[in-house]
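The values are calculated or read from the model by the stated rules, or taken from the named source; none is laboratory data. None of the values given here were measured: they were computed from a predicted structure. Quick reminder, even Gly has a Cβ in these numbers, built from the backbone with ideal geometry, and neighbours come from all protein chains shown.
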Amino acid sequence: MTNLSPEQLDAIASDFESGWSEQRLDAAGTSWGPGMSRLLPDNVQQALHARAVDEGVTDAELIERAVRAYLAV
């Protein structure tokens with residue numbers, strides 16, 4: 001069962017039916033998402049999440065900070 005209202009489900013269905021613009025596809029392919037940490041080994045993912053909670057940021061924000069620091073950008 002879903003917690004979404006019929007209106008929310010209709011909006012989601014409309015979004016899928018209309019398709020994504022090139023700009024939206026490009027942004028989806030290059031932005032950090034909540035699933036990013038799932039690519040990491042379990043122990044690293046757990047440490048990442050704990051640190052993110054301690055710092056009051058999302059896992060994705062912490063990953064981005066780490067990559068930027070590593071690349072010095």
- Task: State which residue is farthest from the chain's Cα centre (by Cα) when the search covers only the stretch 6-64 and only residues that are at pLDDT 90 or above and outside any helix (DSSP H, G or I).
- Result: G56
- From (1) in contact with a helix residue (DSSP H, G or I) (Cβ under 8 Å, 6 or more places away or on another chain); (2) at pLDDT 90 or above; (3) small (G, A, S), pick out the condition that doesn't hold for A72. (1)
